[in-house]
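**Q** Structure below; questions to follow.
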Amino acid sequence: MKLSTFLKGGVMALAIGAAGMAQAEPVKVGVITTLSGGGASLGVDSRDGFMLALKQAGDAASDVEVVVEDDQQKPDVAVQIADKMIQSDKVDVLTGIVWSNLAMAVVPSAVAQGKFYLSTNAAPSQLAGAGCNPKYFAVSYQNDNLHEAAGAYASQEGIGKIFIMAPNYPAGKDSLTGFKRFYDGDVVKEVYTQLGATDYASEIAQIRDSDADAVFFFLPGGMGISFMKQYAESGVDKPLIGPAFSFSQDILPAMGEAAIGVKNTSDWSPDLDNEANKKFVEGFEAEYGRLPSLYAAQSYDTANLLLSAIAAADVSDADAFQQALAAADFDSVRGNFKFGPNQHPIQDFVIREVVDDNGVLTNKLVGTVMTDHADAYAAECKM
């Protein structure tokens, strides 16, 4: 397989291979993700995980054309890119968005125009329930899920009082809703921070003054880095719990020793014991010289799901292609994986711990918190 990369008008475009698939025409994929600013590490890992799966697939990925653009973490930019990809680039499938506010701006319009959207990360509740659509698949999770697992874990650990915090945007609201759904203790305070905030002095002061036994927080990307550094310097010693986003591989080096020992919930861990995951982790390290994150793992699965559907049906036959996607006939790095009736995953959720592994901060599997867990909104989906 030949991989070519070229720049045109600030857009990175990647063309994979020559001929060889059953498709009448090449399948065109538009990857919209965050490649600049404070959330860039999330988007870079999403892009790299997706492209690794295509490269590893060899001839099975021939005639797949991929165009990647930077949404700059701005909803209006994401919408402009999506419209261009649909109307000018004539893509068949869209994917790659990290942030839920961007997904809410792009996905409803994309599927209304007849395009498939496969989510590598963002999966807001609005699109899992009444807003579900036959052409929308969340390959990652539903936004509440990792936080539900954190709530279940906090309950299992007997944490009686907790302070919870997240950014004020769709995924942040879903996160605290999910946590509370499975937490049976007392939430002493619920705080929503500004999206993209870097100063957490006020929130840390509130944590210090509270009678909480622990803190649950969802702050992905640069927000999590800023909070962890300031929390460590504050001297507040209340234990922290988070979802994997708050302790993702892409941000752990910047967090430093402050992150060691913190428990976090995930649908994936680099040391999950299955052949697909071993191939992914080893391949990612070899290709990019770093450990993969959850974002990379979910994107890798998304690409392999797409390839499984391409092998089974022509993308121009929307009904057949939807059925091929829904079959989820691929080996997931997460092990157990299938879609529920709203085309969101039913999967296991694990607890991980941040460790220093020979000088490299990473996450190690501690145990399973939830098995074959579905989201809370499937019953509202009427497809």
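Just so it is clear, none of the values below were taken in a lab; they were calculated from the coordinates. Since the model is a prediction, treat every value here as computed from it, not as a measurement. FYI the Cβ positions are ideal-geometry reconstructions off the backbone, even for glycines, and counts take in every protein chain you see.
**Q** Using C-alpha positions alone, give me the convex hull volume of segment 110-265 per residue in cubic angstrom.
**A** Taking only Cα atoms, segment 110-265 has a hull volume of 112 Å³ per residue.
**Q** Also, I was wondering about something else. So for segment 280-366, Kirkwood radius off the Cα pairs, Stokes-Einstein at 37 °C and 0.692 mPa s: how many µm² s⁻¹? Don't skip to the end; give the middle numbers.
**A** Values: Rh = 14.9 Å.
Approximately 221 µm²/s, per Stokes-Einstein.
**Q** Right, here's the next one. I want to verify a result. In a Gaussian network model of the chain, Cα cutoff 10 Å, which of these has the top mean-square fluctuation: N121, N101, N358?
**A** Maximum among the listed residues: N358.
**Q** Listing I97, I351 from the residue with the fewest other Cβ atoms within 10 Å to the one with the most, what is the order?
**A** On the way: I97 30, I351 23.
Starting with the residue having the fewest Cβ neighbours, the order is I351, I97.
**Q** Hey, another quick one. Return the Rg/Rh ratio of segment 218-314 with Cα-based radii and a Kirkwood Rh. Walk me through the numbers before you get to the answer.
**A** Numbers: Rg = 16.3 Å, Rh = 15.1 Å.
Reported Rg/Rh (Cα atoms, Kirkwood Rh): 1.08.
**Q** Using packing as a proxy for protection, rank 72-84, 299-311 so that the peptide with the highest average count of other Cβ atoms within 10 Å comes first.
**A** Values: 72-84: 18.7, 299-311: 25.9.
With the highest mean Cβ count within 10 Å placed first, the list reads 299-311, 72-84.
**Q** Which net charge results when you count Lys and Arg as +1 and Asp and Glu as -1 among the other residues whose beta-carbon is under 10 Å from that of P124? List each step's numbers first, then the result.
**A** Values: positive: K173; negative: D144, D174.
Once all neighbours under 10 Å are counted, the net charge is -1.
**Q** Hey, another quick one. Would you mind estimating how fast the chain diffuses translationally, via Stokes-Einstein at 4 °C and 1.567 mPa s with the Kirkwood radius over Cα pairs, in µm²/s? Don't skip to the answer; put the middle values down first.
**A** On the way: Rh = 20.8 Å.
Reported coefficient: 62 µm²/s.
**Q** Output the antiparallel fraction of DSSP beta bridges having both residues in the chain, as a percent to the nearest 5. Before the final figure, lay out the partial values.
**A** Working: 28 of 60 bridges.
Counting DSSP beta bridges with both partners in the chain, the antiparallel share is about 45 percent.
**Q** Roughly how many debye, to the nearest 20, is the charge dipole of the chain about its Cα centre, given +1 on each Lys and Arg Cβ, -1 on each Asp and Glu Cβ, and no other charges? Numbers along the way, then the final one.
**A** Numbers: 27 positive and 49 negative charges, 110 e Å.
Taking the Cα centre of the chain as origin, the dipole is about 520 debye.
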